[in-house]
Amino acid sequence: MMWYDGGWGWGGWFAMAIFPVLFLVLLIAGVVMLVRYVTGSRHSHQGGPPPSPGEPGWGSKRAEDLLAERFARGEIDEDEYKRRLTLLREHQ
């Protein structure tokens, strides 16, 4: 019985071994990039190290940052922002 080579020779075996591996690597890299994009959009990264819990007033600064983010996203209007910011600063 004769086997049909198809003209690929050893190159066909090499391609059949390499392409599935490359496909899996690209698929995994795509999933990792997607996860980093989705989780990165929820957390705003600002320059500098985060405030340490031992610093005085670190909680109020974080609260002001969150309030500013909500205002920037349009979740609260300007009057609500100013009212809540005043309350936060009064209770420091």
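The values are calculated or read from the model by the stated rules, or taken from the named source; none is laboratory data. Since the model is a prediction, treat every value here as computed from it, not as a measurement. So basically every Cβ, Gly included, is an ideal-geometry build from the backbone, and we count neighbours across all protein chains shown. The accessibility values were calculated without ligands, DNA or RNA, using every heavy atom of the protein model including side chains. Shrake-Rupley method; radii C 1.70, N 1.55, O 1.52, S 1.80 Å.
At-a-glance table
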| read-out | value |
| --- | --- |
| The one condition in (1) modelled with pLDDT of 90 or more; (2) exposed (fewer than 10 other Cβ atoms within 10 Å of the Cβ); (3) farther than 28 Å from residue 91 by Cα that residue 20 fails to fulfil | (2) |
| Tabulated pairs, segment 68-92, first part of a loop (DSSP other than H, G, I, E, B), second open to solvent by less than 80 Å² (accessible area, probe 1.4 Å) and aliphatic (A, V, I, L, M), C-beta under 9 angstrom, 6+ apart or interchain | 76/67 |
| Per-region count, segment 43-92, residues modelled with pLDDT under 85 and not basic (Lys, Arg) | 20 |
| Qualifying positions in segment 66-80 - within 27 Å of the chain's Cα centre (by Cα) and open to solvent by less than 60 Å² (accessible area, probe 1.4 Å) | 67, 68, 69, 74, 76 |
